[in-house]
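Notes follow the structure.
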């Protein structure tokens, strides 16, 4: 049975896959300079809130797969992630511990 941290990471990776499609569409429609409503990449599988990021901000965040953009207030416990950067519009978090391991495993297995 997966740990709580692994289940949370899987939810966030699922949202990341949706955001990758949003990014692809934004590139196709040449929306590089304006903020785009990406899906909050928090652990709540029912969350549908939007995180306004430019394509440049999104690409910079994605350099490290264990980083995720969430709506302020959607940060998980310090057991799962650490805050890297905070703005009024979004919080950039980095997975740690078991959650970080789960994210890396999901990416290497091609589930992301």
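Only Cα pairs under 8 Å and 6+ residues apart enter the sum, and on that basis the relative contact order of the chain stands at 27 percent. Building the convex hull from the alpha-carbon atoms of the range 1-75 and averaging its projection over directions returns 5.1 nm².
Spacing of the modelled spin labels on residue 45 and residue 89, each 7 Å from Cα toward Cβ, amounts to 3.0 nm.
By the Kirkwood approach, averaging reciprocal distances over each pair of separate Cα atoms, the range 67-110 gets a hydrodynamic radius of 10.8 Å. Per residue of the chain, the DSSP helices (runs of n ≥ 4 H) give a summed -39500 (n - 2.57) that works out to -13000 deg cm²/dmol at 222 nm. By the count of other C-beta atoms within 10 Å, a proxy for reagent exposure, 50, 10 are ordered fewest to most as 50, 10. Extension gain for residue 28-residue 79 works out to 14.6 nm (0.36 nm per residue, less the C-alpha to C-alpha distance). Projected label points at residue 105 and residue 14, each 7 Å from Cα along the beta carbon direction, are separated by 1.7 nanometres.
Any read-out appearing in this document is the output of simple, stated calculations on the displayed coordinates, not a laboratory observation. All values derive from a computational prediction rather than experimental measurement. All Cβ positions, even for glycine, are placed from backbone atoms using ideal geometry, and neighbour counts span all protein chains on display.
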